[in-house]
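The values are calculated or read from the model by the stated rules, or taken from the named source; none is laboratory data. Remember, it's a predicted structure, so these values are computed and weren't measured experimentally. Virtual Cβ from ideal backbone geometry, glycine too; neighbours counted across all protein chains shown. Just so you know, the surface numbers come from the protein's heavy atoms only, side chains and all, with ligands and any DNA or RNA stripped out. Shrake-Rupley method; radii C 1.70, N 1.55, O 1.52, S 1.80 Å.
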Amino acid sequence: MKNIKLLAFIGILISISFVSVMGQTSENKLILGGTYFFEEELLNKLADYLTEELERTVEVKIYEKTSHLHDDMDKHVPDILFMNSYGYVYGHAKYPDYTAFSALGRNGNPDSYKSCIIVSAEAQYKNLDDLIEDASNVDLRFVHATSTSGHIVPRYELRKRDITQAEASFKNIDFAGSHKDAIMAVINGTATAAACGLPSLEYCIEQGNLKKDQYRILWKSHEIQGAPVVYNTELDTDTKEQIKKAFLKMAQKDPDAYKFVQNTFHADMKSQFISVNDSQYDVIRSMASSMEDLILFLNFYMQ
């Protein structure tokens with residue numbers, strides 16, 4: 001009888017310990033979020049790396065719609081986020097608890113890239129003014145409503161050239177869904193022109209999807225700051241420092257995971273994760289602040 005009572009007591013202790021450990025695991029879990037812009041494989045590799053470095057579970061949550069991401073940011077669900085440049089500026093304006101802390105870069109400066117607008121090499125247009133002059137006959141492809149280089153920046157350029165409502169000026173405006181699809185729509189003849197990120201254009205060439213003599217670049221943008229890594233500032237100080245340190249040391253700690261990051265962002269081989277702050281995205285912010293009507297326009301696509 002004593003043995004039975006002893007075994008029952010041990011069983012209770014084990015159950016309490018198990019529940020306690022499970023509770024701690026749940027409380028310590030971190031959520032790594034990203035929009036559809038970022039490949040699930042990339043986020044999973046980063047989660048595996050962070051789980052090992054931080055010694056706590058890091059789970060991935062992918063947001064198919066910006067509105068869903070913003071709902072979760074409002075509730076402080078994600079702890080770490082991968083965001084494109086404009087998505088960050090837009091999100092930070094609404095949810096300032098989320099701030100940039102790292103990005104790929106060199107010598108203390110975040111990597112940058114350019115947007116461009118292309119047409120077929122056989123097209124009659126030699127520059128952007130030619131395209132705008134014939135806008136009523138132009139089928140224009142953007143990438144996605146929240147794409148910095150595939151929509152926001154080129155639309156801003158059109159605004160500067162008095163095209164305040166591209167939908168009213170061009171024959172057709174459509175969103176291809178990805179940079180590659182926007183590019184290939186021009187190459188395949190289903191679109192007259194396309195806006196895209198210059199690195200995506202170069203990557204398509206590297207991958208053998210097109211040749212340089214198949215397209216013409218009508219316009220290139222100013223430099224655009226690269227995608228930041230963001231965390232919730234309401235996390236405790238130690239956790240934030242550990243997260244930041246993990247990203248800054250990734251190239252040395254997990255070269256394979258870091259190589260995957262480099263390839264995903266078409267980054268220079270010398271680039272590494274560096275420390276950044278919110279003010280380094282003011283160039284995007286200043287552009288957005290002069291486009292209040294565009295932000296209202298974007299809200300339509302974010303529902």
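For the range 183-196, in order, what is each residue's ³J(HN,Hα) by Karplus, 6.51 cos²θ - 1.76 cosθ + 1.60 with θ = phi - 60°, in whole Hz (x at glycine and Pro)?
Rounded to whole hertz, the list is 4, 5, 4, 6, 5, 7, x, 8, 9, 7, 8, 8, 9, 7.
If amide hydrogens are placed 1.01 Å from N in the peptide plane, which non-local residues have theirs closer than 5 Å to the one on Ala103?
Val229, Ile274, Val276
Protein chains only, probe 1.4 Å: how do Asp181, Asp139 rank by accessible area, largest first? Present the calculation step by step, with values, prior to reporting the outcome.
Working: Asp181 85, Asp139 30 Å².
Order by accessible area, largest first: Asp181, Asp139.
For the range 176-194 and the range 29-93, compute the distance between their C-alpha centroids and round to whole Å.
The range 176-194 and the range 29-93 have Cα centres spaced 28 Å from each other.
Measure nothing but the geometry: give the 0 to 90° angle between the long axis through the Cα atoms of 292-301 and the longest principal axis through the Cα atoms of the chain, rounded to 10°.
Long axis of 292-301 versus the principal axis of the chain: about 70 degrees.
Once phi is turned into ³J(HN,Hα) by the Karplus curve 6.51 cos²θ - 1.76 cosθ + 1.60 with θ = phi - 60°, what whole-Hz value does each residue of the range 62-78 show in order, with x for glycine and proline?
9, 10, 7, 10, 4, 4, 5, 4, 5, 4, 6, 4, 4, 9, 6, 6, x
Using protein chains only and a probe of 1.4 angstrom, how many square angstrom of Asp213 are accessible, to the nearest 10?
Roughly 110 Å² of Asp213 is accessible to a 1.4 Å probe.
With n ≥ 4 as the cut-off for DSSP H runs, can you work out [θ] at 222 nm for the chain, using -39500 (n - 2.57) per run divided by the number of residues, rounded to the nearest 500? Walk me through the numbers before you get to the answer.
Details: 14 runs with 141 residues, N = 303.
After summing the helix terms and dividing by residue count, I get -13500 deg cm²/dmol.
Check Trp219: other-chain or 5+ apart residues with amide H under 5 Å from its amide H, H built from backbone geometry?
Result for Trp219 returns Ile117.
Quote the charge dipole size of the chain about the Cα centre in Debye, to the nearest 20; the model charges only the Cβ of Lys and Arg (+1) and of Asp and Glu (-1). Display every interim value, and only then the final one.
On the way: 31 positive and 42 negative charges, 100 e Å.
Approximately 480 debye in magnitude.
Given bins 5 angstrom wide, list per bin the percent of all Cα-Cα distances in the range 167-230, short to long.
3, 15, 25, 24, 17, 10, 4, 1
If you roll a 1.4 Å probe over the chain with all protein chains in place, what percent of the accessible area is carbon or sulfur?
Here it works out to 48 percent.
Go through the range 215-221 residue by residue and turn each phi into a ³J(HN,Hα) via Karplus (6.51, -1.76, 1.60, θ = phi - 60°); whole Hz please, and just put x for glycine and proline.
So the Karplus estimates, Gly and Pro as x, are 9, 10, 8, 8, 7, 10, 8 Hz.
Just to confirm, what accessible area per residue do you get for the chain at 1.4 Å probe, in whole Å²? Intermediate results must be reported in sequence, preceding the final value.
Values: 15360 Å² over 303 residues.
Result: 51 Å² per residue.
Probe 1.4 Å, all protein chains in place: accessible area of Tyr125 in Å², nearest 10?
We get 20 Å² for Tyr125.
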